[in-house]
1. Counting only residues that are buried (at least 17 other Cβ atoms within 10 Å of the Cβ), among the polar types (S, T, N, Q) and in a helix (DSSP H, G or I), how many does the range 27-75 have?
2. Quick one: which residue in Ile132, Ile114, Ile63 is out of contact with any strand residue (DSSP E or B) (no Cβ under 6 Å at 6 or more places or on another chain) and farther than 30 Å from Val33 by Cα?
3. For the range 80-104, enumerate the residues that are loosely packed, with under 10 Cβ neighbours inside 10 Å and either part of a helix (DSSP H, G or I) or of a type in the set (A, V, I, L, M) (or both).
4. Working carefully through the options Met89, Met49, find the one that is among the aliphatic types (A, V, I, L, M), more than 30 Å from Ala135 (Cα to Cα) and either out of contact with any helix residue (DSSP H, G or I) (no Cβ under 7 Å at 6 or more places or on another chain) or free of Cβ contacts under 8 Å to residues at least 60 places away in the same chain (or both).
5. Quick one: what pairs do we get from the range 157-169, first residue closer than 16 Å to Asp143 by Cα and touching a residue at least 12 places away in the same chain (Cβ under 8 Å), second β-branched (Val, Ile, Thr) and surrounded by fewer than 16 Cβ atoms within 10 Å (Cβ to Cβ), C-beta under 9 Å, 6+ apart or different chains?
6. Of all residues being touching a helix residue (DSSP H, G or I) at 6+ places or on another chain (Cβ under 7 Å) and among the hydrophobic types (A, V, I, L, M, F, W, C) in the range 24-46, which is modelled with the highest pLDDT? Just the residue, please.
7. Can we say Ala64 is over 27 Å from the mean Cα position of the chain (by Cα) and not basic (Lys, Arg)?
Amino acid sequence: MIRSTRKGIVLLLFVAVLVSVGFAQQTIQIAVVNSQQVLEKSAEGKKVMAQLQSKDSKAQADIAKLDEDIRLLETRLNTQRLTLTQESMIQMQADLERKRTERTRFAEDMSREIQELQQRLFVRIQSELLTIIEAVGKERNLDLIFDLSQSGAIYFNPTLNLTAEIIQKYDASKASK
């Protein structure tokens, strides 16, 4: 009985050693890339960010102009309140309300437009990057590439980081077009 138990334990240990040797031979090649950094540091990413910033700045300037128009109408209404006819006062209040509505709608439309533009541009960049990342993965015989900006990784070996290489290849692919 003891002898068969020992044989069983030895057999289990032997199987465990064989399995662990088999797994040791099948190492998984892993790398990481930080897509947020690619967006911030690549030439195309900087171009897209500048385009979005420009659109946002123009929208903010237009909103500021509408705000100024509203302030002017409010000031005019307040300073002329005593001298205006009832009909003129109602007309000015209606103009002021229209201007406020126009400002609100414009701000909402611009916000939605900028979000849609951002989504379109980011999806385009992401699809372009995916092609490059896949090519680098195949070139380096990698099994898995994590995106640091979305993975929640706490630690990784810096030698696994492909971000700089991806930025360089992405910039090169855009320069050749």
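The values are calculated or read from the model by the stated rules, or taken from the named source; none is laboratory data. Just so we're clear, the structure is a prediction, and the values are computed from it rather than from any experiment. Heads up, the Cβs are rebuilt from the backbone with ideal geometry, glycines too, and the neighbour counts pull from every protein chain shown.
1. Number of matching residues: 2.
2. Numbers: Ile132 fails: farther than 30 Å from Val33 by Cα; Ile114 fails: farther than 30 Å from Val33 by Cα.
On inspection, the qualifying residue turns out to be Ile63.
3. Taking the range 80-104 as the starting set, the residues that turn out to be loosely packed, with under 10 Cβ neighbours inside 10 Å are 82-83, 85-87.
Passing the criteria: Leu82, Gln86, Glu87.
4. On the way: Met49 fails: more than 30 Å from Ala135 (Cα to Cα).
Going through Met89, Met49 in turn, just one is among the aliphatic types (A, V, I, L, M), more than 30 Å from Ala135 (Cα to Cα) and either out of contact with any helix residue (DSSP H, G or I) (no Cβ under 7 Å at 6 or more places or on another chain) or free of Cβ contacts under 8 Å to residues at least 60 places away in the same chain (or both): Met89.
5. Leu160/Ile30
6. Of the residues in the range 24-46, the ones touching a helix residue (DSSP H, G or I) at 6+ places or on another chain (Cβ under 7 Å) are 30-39, 41-45.
Going one step further and asking which of them are among the hydrophobic types (A, V, I, L, M, F, W, C), we end up with 30-33, 38-39, 43.
Values: Ile30: 86, Ala31: 87, Val32: 88, Val33: 90, Val38: 91, Leu39: 90, Ala43: 94.
Of everything passing the filter in the range 24-46, Ala43 is modelled with the highest pLDDT.
7. Yes.
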